[in-house]
Every structure is written in C-alpha cells, then in structure tokens.
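The values are calculated or read from the model by the stated rules, or taken from the named source; none is laboratory data. Remember, it's a predicted structure, so these values are computed and weren't measured experimentally. No Cβ is skipped: glycine too gets one built from the backbone with ideal geometry, and neighbour counts run over all protein chains shown. For the accessible areas, the whole protein counts, side chains as well, though only heavy atoms, and no ligand, DNA or RNA atoms are used. Shrake-Rupley method; radii C 1.70, N 1.55, O 1.52, S 1.80 Å.
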Amino acid sequence: MFPMSSQKMYWIFSDENDITELREKTNSEFIEKHGVNVPRDQREEHFLTTSEERILLKFYELQLRDFCRRFVPPMPRPTVATALHYFKRFYLRNSVMDYHPKEILVTCVYLGCKVEEFNVSISQFVANIKGDREKASDIILNNELLLMQQLNYNLTVHNPFRPVEGLMIDIKTRCTSLENPEKLRPHIDDFLERVFLTDSILIYAPSQIALAATLHAASRAAANLDNYVTDTLFSREHLPGIIEAVRKIRSMAKCVEPPTREVVRSLEKKLDKCRNQANNPDSEIYKQRMQDMLDEDDLRDNEKYAKIIQDQAEHDEKVLGVSKSLSPSAL
Amino acid sequence: MDDQICPRCKTTKYRNPSLKLMVNVCGHALCESCVDLLFLKGSGACPECQIPLRRTNFRIQLFEDSMVEKEVDIRKRILRDFNKKEEDFTTLREYNDYLEEIETIIYNLANNIDVIETNKRIEQYKKANKEQILKSKSKLGREEYELEELLELEKQQEEERKLELIKQEVEMKKKKIREKEALIDELMFSEADAANIVETFASTIQATREEAKVVPVAKVTQFSTGIKFGRQGQQTFMPVPKVEEGPTYCYKRIEQEVEGPHPPGWQEMESGGYIAHVRSEKPAEKAGGFKSNIACLRALQEAMAGLYHNPSQRPPESMAI
C-alpha cells in the first residue's frame, strides 16, 4: 500500500517549488555540461529554459494520453496513468534536451503496459506508431533499460483508480443519504484525466487525489458529501490538512491548459538545434557510437576466444608433455 | 550343473563355460548374451511367457531350479510389505496366523494360483497398513545396517587376531632358537655342571612359557568384551551435517501503516454491508481463488491509505541515480 511504497519514499515531493527546483537544477546541469562552447550571453538563446521545457513536456503529456487513447487494443486507464507517471518521473532528473520526449514517451507507454500487465508484444505495440516501425521498436527497446534505470527501478505506481472504487463502496455503504452515487462517475473520470496532466500526482497520495475527484464530482453533480467527509470519514483533527490538500489538487487541476501549436512548433525547432546529439538516433555521433559499441563487443569476443584458444594450447602441451615422458618409447 | 541350458539360444554350460543364466520376476531363465540382445532397449517381453520385463530386474540365477529363484524373489517382495514383527501382535496365535497368511500368499503367487485375488489381498493389506509398513521398513533398515556393521567389526577383529597369532608364532620360533643357542653357548664355555645348566634353562623356559600363555588369554577376553562394547556402540546416529547458521528466523507480523482512517476488516465488511456494493465473483474467478471480498477489502484499504499524508511534513530523501 501507498504509505510503505517506493512511490512515497522517493517520488512524492513536498510542494510545487520543490519540483520546480529540481527541474531547474536538471536544466542548468545540462547547460553546464553541453554549453561549454556557447558564450554565456547566448546560452539562453541557444538552450531551452526550464519553463520552455515544461511547455514541451505538457504538450507531450497530452500526446501520450492521445496515443494511449488511440491504442489498439484499447488500453486500460491504470496503464495510461502509470505511463504518465513514468514520463513525469523521468523528466524530473533528465533534461528534455538530453533525451527527446517523443522517444521517452513511447518507451514509458511500453514499460507501463508491461508493469500493469497489459500484455502486448513489441510488434503489436509498434503497429500503433506511424512511420518507420523497425526504427521505433529499436528506439523503444534501446531506451527501456535507460528508463528503468532513471526510475531507479521503482516501477510500482499507485494510481487513484482503486481508491476511487473504495470510496464509492464506502459512500454507498456509509452515506446512504446520497442517492445514486454512480452519477458521480463521469465527473470523477473527467477530473482524474485532468489531474494526470498536473504535478499533483508527484505531491499527493493517490487516495487524496481520489477524494478530491469524488468531492469535485459531488459539487458538479450538486450532491452533498460534506457530512460524509466531516462526520463519517475524518475526525476533527485531520480535517484541516485534508481540506487543504483537496483544495490544492482541485486548483491545480483547474489551471490545465494545453500549449498552443505555434509555441510548440517554435520550441521544437529550438530543441532540434540544442539537443544532445549523442542521444539522437538520426545523428552521426549516435550512429558512430553505436558502431563503436558493436565493434567493441566483437573485439572483446575476439579477445576472449584468443585467450581460450591459448589456454587450450597450453593445457594440451602440458598434458601431451606428461604423456610423452610416461610413454615407453620416450624412455 | 552341466545341464544348464539357455532356453532361447540352447547354449549349454558345457559348450560355453562362462555361461551365466539370469532370471527376472517371472522365473524364466535366459543367458546373459540373450538378455543383452533382447533387452537392448531396457525393457521387453519374456520370450516364454510374454510378460513385460525390465532389464534392470535381471539378476544371476543362484539356484538351479528357476522356480526356487522365483519363489525367493516373490518372498523378498512380499516381506518388504508384510514386515510386521512378533512384538506387533498381542498373542502368539495371531502372529502365527499372520505368518501363515504370508506363506499362503507366497505360495499362491509362486504357483500361479488365483493371482488376481491374491494381488488384491496384498493391495488391501498395503492400503490398510501403510503407516505400519513404513515404520517397520525404517526400523528394519536400521537393524540391517547395524547388523552389517557388527559383521564388519567382527571380521576386522578376526583378522587382527590372526595377525597377532602369526606374529606370536614367529616370535616363539625365534625365541626357541635363541634359547637353544644360549644353552649351547653356556654348555660350550661354562665350567659348571652340564646337567645343572640344562635344568636351569629348562625351568626358565617353562616359566616364560607360562607367562606367555597368560597374555593371549587376556587378549581374547578383551576381544570378546570388545564385541559387546561394540554392540552398544552401534546405537550411534548418522552424523548430522553441520550447517553454519545465523540467528534463527523469527516471524514478525508486517505492520501495515494506514496513515488514514482505519479501513474496515474482514468481519466489518460483511456486517457493515460493504460487500453488497461489489459485484460478486464469476465462477471462473472463484475457481482461481478470487472472491469479491478480497477486491472489496483492497479497494477500501487503498481508499483510506495515505489520506492523512501531508506533503510538506517530510521532504523526500535525496536519491542518487
């Protein structure tokens, strides 16, 4: 459960500033590392800033969601949510300029499918991707291990869907004054959709998000759940904290707005110039590096075989030498 | 012995002195080379009675009459299961009846008298006395093992004794020669009376001989007691292999932190009516061991877990990647 999970240990932050700080640090580290040849005053011009990165990531989060919605066979919601989680977590400590989001996006979805036991093979998976499928599957499989490593192998994600079910059961059982709780569901689903585009999943517990969604839905459907929350669910001392959390989640979900196409297009152009070419599968550097790695493997294999052959020869010599001295003809 | 003949290839002991006849459970003999030929694949049918046989069950015929061989084989098999001892019965009469029954079964099987009925009887007995058989078997095994060890020990002691005797004999011979030489020397060079010298020598030899006689007797008693001691010593157990062990494992219940309102437990779920709001499991799910109350409990637990979570309270631990 969540209170003892790696999610709570490593991937829940105290507030939005915390996350922003981390992102700024990642951004500046990348610029420090790769901007040696760029004069200091041109750096802002050349590289993406943290906020620009955010805009791009928001765009790609939407892309991820749309990709999953169009996915054949239809993908269950927890899988989508897990993939989004991975995507967010990955870009906390990695810059957009280092790894292109469009590659990490599909890798996240692929890994999410595996972890959430939504069974698709890689060929089935890339059938959903437009363009060169072989290249896509190469990219996914190459990036999969990197992604897992960057997630620190904390692959279990607690999503708010089951807590929503639990709350619904609890409401149906203990809050009988509410008629037809099922009418809340469409609103809850809407709200959760939006929550996943915010950073609140990196700050709040899934059960809190579920509660916020339920309360939001109740206000939308003009249902009254206040008595249930204040009297049945919580004792007085915990109430202020929870109300604050719910308020915050709702306000965060309110200000989701998709970035405009023009902005995204210009940012992508900028990204193409400043991205780390070593991680671009189309670049010469990347190809060179891959080739080097392959050669190195070959070389290592060759060395290994050479050594084995040598050992064998030595062994033979030793054995034969002994047998010679033992044989009567040698005497 | 010379009329030993392989029923298949008609080779006789006379023509082939190294002929070895083998028998299997059915009691029909075959020579070694025929067995090799027929049972190349490990199993096959007996050429005489067509009973399917395994090659591994073939063994060298000990008795001339293969019927005896068969009987011995059956007896061995039957006694493996009918392994009760006299101590297991309350009266002698019962024990005798039991022995009688075993003999009947063996006779029946060896002479093919209602085999099916008899086999059924054996099965029945086996089923009824499963535990008893197993227990006696292990006891028997232990006893056999002990006996073997005893024999081994005795053999060893016998050998020792033999060696000792030979050594003593050699010693004795040497001693005699030495004594003779000493006597002759004495007679040659001494100026004392010859008869006197001979007498003293004879008396000393007598004395040493008596002494020597006492010693081996003492040794023999030691041997016989040694066997007795050995018998007590047989009760040793197989040495227990030593395993490096840390502190023993101690079960501790996993404490599930809830960090929220306490979710209902198994009982409350039924009594509180929570279960009514979950769809009941399908037969296929039930077969897999999933019941609706598991899903219900988990949903409720997850809904409550972490509700009191306060993000500003604890900064996440820094993580090195």
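Based on the inverse mean of 1/r over its pairs of different Cα atoms, what is the Kirkwood hydrodynamic radius of the range B:272-312, in Å?
Radius from the Kirkwood sum: 11.8 Å.
Once phi is turned into θ = phi - 60°, what whole-Hz ³J(HN,Hα) does the Karplus curve with 6.51, -1.76 and 1.60 give for every residue of the range A:302-308, x standing for Gly and Pro?
4, 4, 4, 4, 4, 5, 4
Hey, what's the per residue convex hull volume over the C-alpha atoms of the range B:135-211, in cubic angstrom?
Here the figure is 71 Å³ per residue.
What's the buried accessible area, both sides, between B and A using a 1.4 Å probe, rounded to 100 Å²?
In total, chains B and A hide about 3300 Å² from solvent.
Do you know which residues of the range A:1-25 lose at least 40 square angstrom of accessible area in the protein assembly compared with their chain on its own, with a 1.4 angstrom probe?
Residues passing the criterion (a loss of at least 40 Å², heavy atoms only) are A:Met1, A:Pro3, A:Met4, A:Lys8, A:Met9, A:Tyr10, A:Ser14.
Partner chain Cβ atoms within 10 Å, averaged over the residues of A:152-165 - can you pull that number for me?
Partner Cβ neighbours, averaged per residue: 3.
Roughly how crowded by other chains is peptide B:250-262, in terms of the mean Cβ count from those chains within 10 Å of each of its Cβ atoms?
Counting Cβ atoms of other protein chains within 10 Å of each residue's Cβ and averaging gives 3.
Can you list the residues of the range A:189-209 whose accessible area drops by at least 40 Å² going from the chain on its own to the full set of protein chains, with a 1.4 Å probe?
With the partner chains in place, the range A:189-209 has these residues losing at least 40 Å²: A:Ser207, A:Gln208.
Working out 0.36 nm times the residue gap between A:Ser123 and A:Gln277, then minus their Cα-Cα distance, what length gain in nm do you get to one decimal?
Full extension from A:Ser123 to A:Gln277 adds 52.7 nm.
What distance in nm separates the simple spin-label points at A:Leu141 and B:Ile60, each placed 7 Å from Cα in the Cβ direction?
Result: 6.2 nm between the two label points.
What fraction, in whole percent, of alpha-carbon pairs in the range A:190-299 exceed 22 Å separation?
Everything past 22 Å amounts to 57 percent.
For a quick protection proxy, order the peptides B:10-17, A:216-223 by their average other-Cβ count within 10 Å, most packed first.
My ranking of the peptides, most packed first, is A:216-223, B:10-17.
Convert each backbone phi in the range B:108-114 into a coupling constant with the Karplus relation 6.51 cos²θ - 1.76 cosθ + 1.60 (shift: θ = phi - 60°), then list the ³J(HN,Hα) values in order as whole Hz, x for Gly and Pro.
Once rounded to whole Hz, the list reads 4, 5, 5, 10, 6, 9, 3.
Name the residues of the range A:166-187 whose accessible area falls by at least 40 Å² when all protein chains are present instead of the chain alone, probe 1.4 Å?
Buried by 40 Å² or more upon assembly, which counts only protein chains, are A:Ile169, A:Lys172, A:Thr173.
Please compute the per residue accessible area over the protein assembly as shown with all protein chains in place, 1.4 Å probe, rounded to a whole number of Å².
With the other protein chains kept in place, the protein assembly as shown gives 65 Å² per residue.
Karplus couplings for the range A:40-56 from phi (6.51 cos²θ - 1.76 cosθ + 1.60, θ = phi - 60°), rounded to Hz, Gly and Pro as x?
Result, rounded to whole Hz: 4, 6, 9, 4, 4, 5, 7, 9, 6, 8, 4, 5, 5, 4, 4, 4, 4.
Once the Cα gyration tensor of the range A:8-156 is found, what semi-axes does its equivalent ellipsoid get, as square roots of 5 times the eigenvalues, in whole Å, sorted largest first?
28, 18, 13
Straight-line reach only, C-alpha to C-alpha below 20 angstrom: list the aspartates and glutamates that B:Lys174 could link to, leaving out same-chain residues fewer than 8 apart.
B:Glu164, B:Asp185, B:Glu186, B:Glu210, B:Glu211
At a Cα cut-off below 18 Å, give the lysines reachable from B:Lys126, other chains included and same-chain residues fewer than 8 away excluded.
B:Lys76, B:Lys84, B:Lys85, B:Lys135, B:Lys137, B:Lys139
Given the -39500 (n - 2.57) contribution per DSSP H run of 4+ residues, what per-residue ellipticity at 222 nm results for the protein assembly as shown, rounded to the nearest 500 deg cm²/dmol?
My calculation for the protein assembly as shown gives -20500 deg cm²/dmol from helical runs alone.
Dipole of the protein assembly as shown, Cα-centred, from +1 at each Lys and Arg C-beta and -1 at each Asp and Glu C-beta, to the nearest 20 debye?
I would put it at about 1980 debye.
What is the distance, in nm, between label points placed 7 Å from the Cα along the Cα-to-Cβ direction at B:Glu285 and at A:Asp226?
Output for this residue pair reads 3.7 nm.
If you filter the range A:112-200 for GluC sites (Glu not before Pro), then keep DSSP loop positions with at most 11 other Cβ within 10 Å, what is left?
Answer by residue number: A:Glu117, A:Glu179.
For a paramagnetic label modelled at 7 Å from the Cα of A:Lys318 toward its Cβ, which residues of the range A:293-312 fall within the zone defined by backbone nitrogen distances under 11 Å?
The answer is A:311-312, whose backbone nitrogens lie closer than 11 Å to the label point.
Could you pull the Cα extents of the range B:1-64 along its three principal axes, largest to smallest, in whole Å?
Ordered largest first, the range B:1-64 gives principal extents of 30, 21, 18 Å.
Over the Cα atoms of the protein assembly as shown, each weighted equally, I'd like the Debye log10 I(q)/I(0) at q = 0.06, 0.10, 0.11 Å⁻¹, rounded to two decimals.
For the requested q values the scattering log ratios are -0.75, -1.02, -1.13.
Trypsin sites (Lys or Arg not before Pro) within the range A:90-152: which are DSSP loop residues with at most 11 other Cβ atoms inside 10 Å?
A:Lys130
Which percent of the accessible area of the protein assembly as shown is formed by carbon and sulfur heavy atoms (probe 1.4 angstrom)?
Roughly 54 percent of what the probe reaches on the protein assembly as shown is carbon or sulfur.
If a/c stays under 1.5 just call it rounded; otherwise compare a/b with b/c (prolate if a/b is bigger, oblate if not). Do that for the range A:160-255, with a ≥ b ≥ c from the square roots of the Cα gyration tensor eigenvalues.
Oblate, because a/c is 1.5 or more while a/b does not exceed b/c.
Might you report the magnitude of the Cβ-based charge dipole of the range B:47-188 about its Cα centre, with Lys and Arg at +1 and Asp and Glu at -1, to the nearest 20 debye?
In debye, rounded to 20, the range B:47-188 gives about 560.
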